[in-house]
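Report on one structure; see the data block that follows.
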Amino acid sequence: MTSLPLISVTDGDGATARRASMPPRHLADLDLAGRRSAVSDLGEQAFRATQLSTHYFGRLERDPAGMTDIPAAARERLSEQLLPKLLTPVRELACDDGATRKALWRLHDGSMVESVLMGYGDRVTVCISSQAGCGMACPFCATGQAGLTRNLSTAEIVDQVVYLAGVAQSGVMGGEPRRLSNVVFMGMGEPLANYSRVIAAVRRLTSPAPEGLGLSQRHVTVSTVGLVPAMRKLAEEDLSVTLALSLHAPDDDLRDELVPVNQRWKVAEVLDAAWAYAARTGRRVSIEYAMIRDVNDQPWRADLLGRLLAGRLAHVNLIPLNPTPGSKWDASPKPVEREFVRRLRAAGVATTVRDTRGREIDGACGQLAASEVEG
Ligand code: SAH
């Protein structure tokens with residue numbers, strides 16, 4: 001069995017060494033009031049904060065050179081202090097005729113993270129990272145294998161979205177400008193282990209421009225291994241974001257292995273926290289379940305899952321396992337998957353199977369492992 005990872009349910013940045021590698025402050029770290037006082041502290045007029053914000057969030061302009069309504073001297077001073085370069089694109093890969101694009105970034109301290117942009121008929125979704133690496137050690141997930149490097153700052157999280165919203169707007173996805181509509185925290189990292197920065201990022205993404213990007217809260221999904229105290233805290237935030245719970249097994253014996261944090265918070269506790277979230281927000285919780293051949297895909301596990309979820313505000317999202325390099329596990333055969341779906345639906349549980357977008361560019365669920373791609 002994989003050993004229990006070290007978990008902080010608040011911010012997880014206890015180590016001084018790690019804090020030292022956090023990036024410089026960026027305007028997306030601050031709300032509009034904070035930006036106004038930062039601009040005043042720099043000896044500029046406070047309304048410059050709104051101008052900067054309109055460029056960054058309203059026009060998706062990340063380059064100070066494009067902010068021509070701000071006089072050059074002020075622009076230089078402000079951009080040095082409030083628009084440091086956080087993400088350096090190292091590689092961008094496309095597949096599905098350009099409808100899926102993966103970006104690999106280098107951060108200021110050399111850490112690497114990835115994001116994936118996916119265009120569908122009616123929506124454009126970006127899958128973003130909340131940490132460099134991950135400390136949750138799920139044995140089937142590529143990111144989990146290398147451990148946690150550090151938390152991302154709020155602005156490092158937001159800047160992935162703003163950058164890729166700009167890519168979508170530029171028309172490279174199918175020749176027409178597309179507007180980013182959805183954000184999922186399903187890239188690298190455990191979002192609820194970087195709690196305060198992720199919440200601040202959600203607020204930036206969902207505040208109307210120029211304070212933020214103006215996305216609908218309902219179109220933001222926060223996915224978690226099940227850090228129960230943080231899930232309960234999230235329910236109190238007055239945010240109607242979608243909560244996704246990576247369950248992957250309906251029984252503690254198996255979940256202890258697949259999602260090691262289950263050794264701390266058991267299936268019953270984590271589902272209780274999910275139902276409390278659903279009750280508080282009125283939002284249906286998404287139950288994520290990677291289908292792993294002969295591991296968690298047996299008919300009796302479908303029936304047990306069905307019994308746990310029947311009558312609840314829940315939706316099951318089955319993810320065909322993306323085998324990671326060197327893994328002993330494989331995806332379930334399609335007939336096994338179909339039978340699993342049939343049994344869940346027979347129990348009255350809404351169930352869908354996730355498409356495996358981005359697989360050929362290692363951009364699908366659980367494949368993000370930037371350090372390996374680097375070489
Ligand atoms: N740490 C968060 C978010 C990141 S992973 C979480 O665990 O929820 C996003 C989803 O991809 C999770 O449900 C995760 O369990 C799943 N996943 C990880 N590795 C996978 C793989 N190899 N194949 C399919 N899904 C995987």
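The values are calculated or read from the model by the stated rules, or taken from the named source; none is laboratory data. Because the structure is predicted, anything quoted here is derived from the model rather than measured. Cβ coordinates were reconstructed from backbone atoms using ideal geometry, including for glycine residues, and neighbour counts include every protein chain displayed. All accessible areas refer to the heavy atoms of the entire protein, side chains included, with ligands and DNA or RNA removed. Shrake-Rupley method; radii C 1.70, N 1.55, O 1.52, S 1.80 Å.
Here are the numbers for this structure:
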quantity	calculated
Single residue of ARG179, ARG203 found to be part of a loop (DSSP other than H, G, I, E, B), away from the ligand (no atom under 14 Å from the Cβ) and either open to solvent by less than 10 Å² (accessible area, probe 1.4 Å) or not small (Gly, Ala, Ser) (or both)	ARG179
Per-region count, region 151-177, residues at pLDDT below 95 and charged (D, E, K, R)	1
Complete set of residues in region 325-341 that are open to solvent by 60 Å² or more (accessible area, probe 1.4 Å) and in contact with a helix residue (DSSP H, G or I) (Cβ under 8 Å, 6 or more places away or on another chain)	PRO325
Filter result for GLY189 (on the phi > 0 side of the Ramachandran plot and within 11 Å of the ligand (Cβ to nearest atom))	yes
Test: residue in region 256-265 that is open to solvent by less than 10 Å² (accessible area, probe 1.4 Å), away from the ligand (no atom under 14 Å from the Cβ) and not charged (D, E, K, R)	no
Enumerated strands (runs of 3 or more DSSP E) restricted to region 66-163, each holding at least 3 residues that are within 16 Å of the ligand (Cβ to nearest atom) and under 28 Å from ASP256 (Cβ atoms)	131-133, 148-151
Among the candidates ASN322, ASN317, residue that is open to solvent by less than 50 Å² (accessible area, probe 1.4 Å), modelled with pLDDT under 95 and touching a Lys or Arg at 6+ places or on another chain (Cβ under 8 Å)	ASN322
Some residue of region 189-202 being modelled with pLDDT under 95 and among the β-branched types (Val, Ile, Thr)	no
Sole residue being open to solvent by less than 10 Å² (accessible area, probe 1.4 Å) and not basic (Lys, Arg), chosen from LEU164, LEU148	LEU164
Hits in region 232-246 (condition: open to solvent by 10 Å² or more (accessible area, probe 1.4 Å), under 19 Å from ARG204 (Cα atoms) and within 13 Å of the ligand (Cβ to nearest atom))	THR242
Count of residues meeting criterion [polar (S, T, N, Q) and not in a helix (DSSP H, G or I)] in region 32-65	1
